[in-house]
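Heads up: the structure comes next, in structure tokens.
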Amino acid sequence: MADLLFYVLGGVTLGTAALTVLSRNAVNSAMFFLLSLLATAGLFVLLDAYLLAVLLVLVYAGAVVALFLFIIMLLDMQGGVRPPFTRATIAAAVAATGLLTVGVLSFVKRAQLSAAPVSPDLPVVGATLKSYAAQLFTTYLLPVQVVGFLLLIAMLGVIVLSKRFEGLEDIK
């Protein structure tokens, strides 16, 4: 049963991720992204990583997708006519896909997937919220602060880009 559920959730994740990229409507893309995140949270539940599943739903599916929708609505994006793909664009996409495939395959080929021996005396790293918090606020404090700063800059950029300035014609 767990194998079937894994394949179903994996298929939903891949399908909705592809629809996120391929959808012409930005709101539909955000909704497909939300479904992809929820299916990924289901995969975390299958791996018994309940904390990661809850954090994924709360932080990404709740806050980030809401922020995306807010930005989409704030920018008032219209899905106009897109120019057709050029040969250079298609060639670049094929080259990037090929490089990504070669990189993933070489990584999988070199990886040794043997399970490490587990001692019952040692606590599992990352098994509790306290160990996650200790790692987050000691080892990864600088990256968390940088990401927060980048999100602040992105939010300010969206506000500046969406503001309609009146009377700019008189300045020229």
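Report yes if some residue within the stretch 61-73 is of a type outside the set (A, V, I, L, M) and touching a Leu at 6+ places or on another chain (Cβ under 7 Å); otherwise report no. Write out each step before concluding.
As a first pass, look at the stretch 61-73 and keep what is of a type outside the set (A, V, I, L, M): 62, 68, 70.
Among the residues that remain, those that are also touching a Leu at 6+ places or on another chain (Cβ under 7 Å) are: none.
No.
Which one is surrounded by the fewest Cβ atoms within 10 Å (Cβ to Cβ), of the residues in the stretch 110-151 that are modelled with pLDDT of 80 or more and assigned to a loop (DSSP other than H, G, I, E, B)?
Out of the qualifying residues, it is T139.
Any chance the stretch 46-65 includes a residue that's among the small types (G, A, S) and modelled with pLDDT of 90 or more? Steps first, please.
If we filter the stretch 46-65 for residues that are among the small types (G, A, S), which is where we start, we get 49, 53, 61-63.
Of the ones still in play, those that are also modelled with pLDDT of 90 or more are none.
Checked against the condition, which is being among the small types (G, A, S) and modelled with pLDDT of 90 or more, the stretch 46-65 yields no hits at all.
Please determine, by comparing only the residues of the stretch 152-167 that are at pLDDT below 70 and among the small types (G, A, S), which one is nearest to L67 (Cα to Cα).
My answer is S162.
Only one residue in L34, L69, L74 is buried (at least 19 other Cβ atoms within 10 Å of the Cβ) and touching a helix residue (DSSP H, G or I) at 6+ places or on another chain (Cβ under 6 Å). Which one?
One residue alone meets the criteria, L34.
L46 - would you say it is over 23 Å from L22 (Cα atoms) and within 19 Å of the chain's Cα centre (by Cα)? Steps first, please.
On the way: over 23 Å from L22 (Cα atoms): yes; within 19 Å of the chain's Cα centre (by Cα): no.
No: the conditions fail for L46.
The values are calculated or read from the model by the stated rules, or taken from the named source; none is laboratory data. These numbers were taken from a predicted model, which means no experiment stands behind them. With ideal geometry, Cβ positions are generated from the backbone for all residues, glycine too; neighbour counts draw on all protein chains shown.
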